[in-house]
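The values are calculated or read from the model by the stated rules, or taken from the named source; none is laboratory data. Keep in mind it's a predicted model, so treat the numbers as computed, not measured. Positions of Cβ are generated from backbone atoms using ideal geometry, with glycine treated the same way; all protein chains shown enter the neighbour counts.
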Ligand code: F6P
């Protein structure tokens with residue numbers, strides 16, 4: 001078979017292990033694999049790179065994606081020509097199937113191509129945000145949370161030396177998994193996530209309480225997707241091709257730091273980790289998960305499991321309809337957040 005492969009949306013560690021896993025398994029079937037560069041843009045423009053054994057064998061430890069990425073959306077309003085080009089290129093390159101590695105947006109395109117145009121697609125979920133439904137984990141999350149954890153550990157040292165609060169803003173657009181997991185593991189004193197309304201009173205009361213019992217510094221983790229109602233306007237942020245606001249510039253971390261200092265009088269600094277958490281070598285967990293889902297995607301192509309994405313459920317790697325996975329976000333359950341915060345609240 002002739003199989004196309006592309007990576008779309010924000011990159012994350014684990015993409016290269018997944019590409020490698022899929023290519024190695026497809027080679028067992030004697031397939032030819034064509035990589036399309038920069039996500040759907042590569043399929044629109046017909047930009048390719050052959051994915052051979054030699055190309056993928058040494059990439060398991062590399063962050064990012066060798067295929068490069070973009071947020072091109074051929075189903076965006078007014079982009080009918082792009083969609084036409086995608087369909088023409090699928091014919092021109094004689095693709096028997098297409099493996100799309102991406103988050104909700106990229107997989108949404110793969111699902112529409114299958115249901116509306118009969119393109120034989122298989123999805124591989126990736127997102128450092130870990131907010132894609134129907135899969136327990138996506139690769140990229142463990143690596144990103146590990147980078148955030150390392151940053152929190154470093155910032156604790158300097159916060160303690162200077163008797164300061166440090167507010168750390170961490171990527172996470174709709175879901176607070178990365179901020180919550182790294183915040184818990186990094187011993188943060190308070191964590192804000194997008195699923196729960198920002199309660200500055202509660203945070204400041206808690207910080208005053210820990211100072212009153214003798215602690216002289218504090219760490220606060222905040223997801224970039226949080227908003228202080230009225231104080232910070234996400235509606236003014238620029239939008240990407242899928243209509244999502246670009247959040248880094250809104251500055252929730254700095255806004256919270258300013259409020260904490262104003263309300264408590266404790267010297268406070270802020271650090272925005274931004275894209276740093278998306279870089280670096282994939283962790284062991286993400287290398288294994290990436291490899292397993294890549295292999296499974298190749299097998300699903302040969303089983304004819306189209307319109308489906310690979311998912312981790314428990315310890316199994318299974319196929320689920322993409323449509324089901326992109327219907328809603330996998331958010332942090334309120335009870336889980338409350339459970340952790342209650343434990344911190346000493
Ligand atoms: O891929 C998800 C994500 O990392 C979000 O956490 C973040 O808001 C967004 O991507 C940033 O997008 P970009 O790389 O386009 O600035």
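Miscellaneous remarks
- Of the numbered criteria (1) touching a helix residue (DSSP H, G or I) at 6+ places or on another chain (Cβ under 7 Å); (2) over 26 Å from residue 28 (Cβ atoms), the one residue 336 fails is (1).
- Test result for residue 95, buried (at least 24 other Cβ atoms within 10 Å of the Cβ) and touching a helix residue (DSSP H, G or I) at 6+ places or on another chain (Cβ under 9 Å): no
- Among the residues examined, residue 313 does not qualify as surrounded by fewer than 21 Cβ atoms within 10 Å (Cβ to Cβ), in the same structural domain as residue 23 (by TED's automatic domain parsing), over 16 Å from the mean Cα position of the chain (by Cα) and free of Cβ contacts under 8 Å to residues at least 24 places away in the same chain.
- Across the range 68-116, the qualifying residues are those that are in a helix (DSSP H, G or I), within 15 Å of residue 42 (Cβ to Cβ) and within 16 Å of the ligand (Cβ to nearest atom), and the one among them that is farthest from the chain's Cα centre (by Cα) is 109.
- Within the range 254-282, considering residues that are part of a loop (DSSP other than H, G, I, E, B) and within 16 Å of the ligand (Cβ to nearest atom), the one surrounded by the most Cβ atoms within 10 Å (Cβ to Cβ): 282
- The set of residues in the range 300-333 being in a loop (DSSP other than H, G, I, E, B) and in contact with a strand residue (DSSP E or B) (Cβ under 7 Å, 6 or more places away or on another chain) consists of 305, 306, 307, 330.
- Residue 49 in contact with a strand residue (DSSP E or B) (Cβ under 8 Å, 6 or more places away or on another chain), assigned by TED's automatic domain parsing to the domain that holds residue 299 and surrounded by fewer than 22 Cβ atoms within 10 Å (Cβ to Cβ): yes
- For residue 129, the criteria (1) without any contact (Cβ under 8 Å) to a residue 40 or more places away in the chain; (2) assigned by TED's automatic domain parsing to the domain that holds residue 60; (3) within 15 Å of the ligand (Cβ to nearest atom) hold in every case but one, which is (1).
- Those helices (runs of 4 or more DSSP H) of the range 138-225 in which 3 or more residues are in contact with a helix residue (DSSP H, G or I) (Cβ under 9 Å, 6 or more places away or on another chain) and surrounded by fewer than 18 Cβ atoms within 10 Å (Cβ to Cβ) occupy 200-212.
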